[in-house]
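Shown next, in structure tokens, is the structure this report addresses.
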Amino acid sequence: MQRHFDLDGILNMERRPRATLMNYLSGFKSVNLIGTQNNEEINNLAVFNSVIHIGSNPPFLGFILRPTTVERHTYENIQATQFYTINAVTQAIYTKSHQTSAKYAADQSEFAEVDLTPEFKDDFHAPYVAESPIQFGLQLEEVQHNKCNDTLLVIGKVQHLYLPENSYTKEGHFDLSEYEVVTIGGLYTYYKTEKIERLKYAQPK
């Protein structure tokens, strides 16, 4: 047996349960911390579950930003400086990472509030998360407006990538579970990852 929801049924659900359920149904998602710094050199850190691969040559990553009808410090800082970092969330830091979703003031650094360490290197303007084993430094490439719900797709070009030494094969394989990278279901539920099997590149039989 299945329960059926038509569009009206979905729209008539209470706001928070609807958002949680719809976020679950797209499946497990990556969870990352985006680090920025404003022009007053105040560091900002925010957790996102919408980072996606856009392309590898050149290397682009994107993330979805909710409507800018309220303050969005991450986006404001990216617009001001053009630079930001994306950092993987692990089992060791997922509770601290989740806490960055609280509504802190613009002059408060989430790094300090949740006890994570900002890390600057290679003269890059935005802070990395020192506790994260996978770190990207990106420069803003373009912003696409999604008219259907007033969200934004923010696309950045990868300028720097930091991985643990000897962590990937010559074919480019990287075992996320080895570094205890977590995934998220819905908005608040975090899961461990475990590799099942690496299959071969599929060819017609």
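The values are calculated or read from the model by the stated rules, or taken from the named source; none is laboratory data. Keep in mind that this is a model prediction, so the values were computed, not measured. Cβ coordinates were reconstructed from backbone atoms using ideal geometry, including for glycine residues, and neighbour counts include every protein chain displayed. All accessible areas refer to the heavy atoms of the entire protein, side chains included, with ligands and DNA or RNA removed. Shrake-Rupley method; radii C 1.70, N 1.55, O 1.52, S 1.80 Å.
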Selected residue (criterion: nearest to residue 85 (Cα to Cα)) from residues of segment 134-163 that are open to solvent by 30 Å² or more (accessible area, probe 1.4 Å) and either of a type in the set (Gly, Ala, Ser) or assigned to a loop (DSSP other than H, G, I, E, B) (or both):
163
List the number of the failed condition for residue 54; all other conditions in (1) open to solvent by 30 Å² or more (accessible area, probe 1.4 Å); (2) closer than 18 Å to residue 145 by Cα; (3) assigned to a loop (DSSP other than H, G, I, E, B) hold.
(3)
Considering 131, 194, 178, which residue is assigned to a helix (DSSP H, G or I) and in contact with a Ser or Thr (Cβ under 9 Å, 6 or more places away or on another chain)?
178
With the requirement that a residue be among the polar types (S, T, N, Q), farther than 16 Å from residue 154 by Cα and either in contact with a Lys or Arg (Cβ under 6 Å, 6 or more places away or on another chain) or open to solvent by 20 Å² or more (accessible area, probe 1.4 Å) (or both), what does segment 38-51 give you?
38, 39, 43
Residues being of a type in the set (D, E, K, R) and in contact with a strand residue (DSSP E or B) (Cβ under 8 Å, 6 or more places away or on another chain) - total across segment 53-99
2
